[in-house]
Amino acid sequence: MKKLLICLMLLSVPFAFSVYTSDVANAAEDYAKWGKVAMQKTQEKYPAAKIKDYKHIGRVHGTNTTVEKFKLWLKENNKEFGVLINIEFDKKTERIVEITFREVPR
């Protein structure tokens, strides 16, 4: 019985790992899609600036909506600054509800 239990445990490890990596891959695809939106909307708001860097800060789940949070680092003329972008979207339809921008010095 002990050997059977050990065999079952060993056989379940690859399955558990594949489920985990699948979830991680899906999350990465999701935030990458919203990251493109963040960069596009930032470029529209700051057309003279160059996007130097990009970082996904996180995701906040609400009842009906989700907010993806990003920080982009911009350079415009000799000025460099950060912009925090929140993209709120409907969970079911993925329709954008609101996009907010906030400039930060660092």
Self-check item: Residues being in contact with a His (Cβ under 9 Å, 6 or more places away or on another chain) and more than 18 Å from residue 104 (Cβ to Cβ) - total across segment 38-72
Solution: 0
Quiz item: Of the numbered conditions (1) outside any strand (DSSP E or B); (2) of a type outside the set (A, V, I, L, M, F, W, C); (3) at pLDDT 95 or above, residue 30 satisfies every one except a single condition; which is it?
Solution: (3)
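The values are calculated or read from the model by the stated rules, or taken from the named source; none is laboratory data. Bear in mind that the values here come from a model prediction, so they are computed numbers and not experimental data. Virtual Cβ from ideal backbone geometry, glycine too; neighbours counted across all protein chains shown.
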